[in-house]
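Contents: one structure, followed by commentary.
The values are calculated or read from the model by the stated rules, or taken from the named source; none is laboratory data. Predicted, not measured: the structure shown is a model, and the values here were computed from it. Here the Cβ is made from the backbone with ideal geometry for all residues, glycine too, and neighbour counts use every protein chain on show. Ligands, DNA and RNA are stripped out before the accessible areas are found, and what is left, the full protein with its side chains, is counted by its heavy atoms. Shrake-Rupley method; radii C 1.70, N 1.55, O 1.52, S 1.80 Å.
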Amino acid sequence: MPPAGTPSAPPAVSRRTQGGQTLGLMAVFLMVLLGMTALAIDGGNWYQVRNQLQASADAAALAGASQIPAGTSAATAAAQAQYVKNGKAGDIASYTITTDLATGDSVTVSATRTVHNFFASVFGIGSSNISASSRATIESFTGVASTGQVMPWGVVKGSYTPGATYSIFTDNSTPNNGALSLNTASGSSCSTTSGASDYRDEITGAQVICPANVGDVVPPKTGQNAGPTKQGLDARVTTWLPVSSIVSVGASGLATLILPNSPQVVLIPVVENMSGGTTWPSGSGTVRIVGFAVFVMTGYTAGGKQITGEYVNSQLVNTNWTTGAWTGTANGTSYTVEITA
């Protein structure tokens, strides 16, 4: 017997008990490790699939929105056709006409893909549904900064038929179009045009027209403009190409510019008179810009008095121009599409 007051020794712990605790800790550790592996491998796969779905939805939405001028059926059909090109069999996709800035100005594409899991299946999660959504919106240009494609002419707002040829009389002798006195860029500032030479140089591109915006009020250019018009066009277009070499028109009537930088492709302000009407002003009247329309010039007659051009209903891409709510095709204004959600 140990002497009184001597502490007794702690009870011995068996090696078998210690081994059981270690195995339990190892089991927990392996489960955590397996979970982390599942998250890393399956999570990486989910991320990759999500990116693929998003890219496919974005492309489909953009394709659909670009066809809104041709009607909602054409827009949804274009979105679906584009998704089929990029998606995978088994994807579930929906295509909806939605609203952003104006009624029915957008196409929203939602897509879901079921993916097989690797390590996550150990935990009873055999598959996962990955989803993505995209909205693309059609917008009208509200402001343009010319790089030589904006012409000093105007056409009044109205119904323009894609592929139809229209005449612009630069002497303002018709009630629906004519020449305009648009300011010319001079360094970092703008100055008013001083006459025939400025007008001619704006046509050639030697002088660039100042940024023009919807709402700007500008005067028609009066006087004899036939001569300067001819001189400007002769310098601008050295070889006149057929429209079919510049523009490809689809079944829906919407066009794709094959040669967007052709000197025959011009942007013409769409205007209204100060009463909001469609009659070209006489004398010293002014007009208000309401949009911008694309024309492919096909030539001129009467020594430059009359310019002929084919109206093109085409999407333009220019990130430096400003946009606003789509105003429809009634005024012949050009448009662009972009991802908005």
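Which residue is nearest to S106 (Cα to Cα), if the candidates are limited to segment 48-62 and must be without any contact (Cβ under 8 Å) to a residue 40 or more places away in the chain and of a type in the set (A, V, I, L, M)?
Result: A59.
Please go through (1) open to solvent by 20 Å² or more (accessible area, probe 1.4 Å); (2) touching a residue at least 24 places away in the same chain (Cβ under 8 Å); (3) within 22 Å of P211 (Cα to Cα); (4) among the β-branched types (V, I, T) for V287 and return the number of the only condition it doesn't satisfy.
Of everything listed in (1) open to solvent by 20 Å² or more (accessible area, probe 1.4 Å); (2) touching a residue at least 24 places away in the same chain (Cβ under 8 Å); (3) within 22 Å of P211 (Cα to Cα); (4) among the β-branched types (V, I, T), V287 misses just condition (1).
Could you check how many residues of segment 71-107 are open to solvent by 70 Å² or more (accessible area, probe 1.4 Å) and either out of contact with any Ser or Thr (no Cβ under 8 Å at 6 or more places or on another chain) or among the hydroxyl-bearing types (S, T, Y) (or both)?
9
What is the residue count in segment 104-161 for residues that are in contact with a helix residue (DSSP H, G or I) (Cβ under 7 Å, 6 or more places away or on another chain) and within 27 Å of S194 (Cα to Cα)?
2
Under 7 Å by Cβ, and 6 or more places apart or on different chains, what pairs join a residue from segment 180-200 that is among the charged types (D, E, K, R) with one that is surrounded by fewer than 21 Cβ atoms within 10 Å (Cβ to Cβ) and in a helix (DSSP H, G or I)?
Listed pairs, sorted by first residue: R200/Q231.
For segment 153-171, check the following and say yes or no: at least one residue is over 30 Å from H116 (Cα atoms), free of Cβ contacts under 8 Å to residues at least 40 places away in the same chain, assigned to a strand (DSSP E or B) and of a type in the set (G, A, S).
no
Being part of a strand (DSSP E or B) and farther than 12 Å from G178 by Cβ is the filter here, so list the residues in segment 265-286 that pass it.
Scanning segment 265-286 gives V265, V266, L267, V270, E272.
Take the residues of segment 304-327 that are in contact (Cβ under 8 Å) with a residue 40 or more places away in the chain and in a loop (DSSP other than H, G, I, E, B): which is surrounded by the fewest Cβ atoms within 10 Å (Cβ to Cβ)?
N320
One line per residue, one yes/no per condition, for (1) acidic (D, E); (2) at pLDDT below 95; (3) outside any loop (DSSP other than H, G, I, E, B):
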position	(1), (2), (3)
T229	no, no, yes
G232	no, no, yes
T239	no, no, no
S248	no, yes, yes
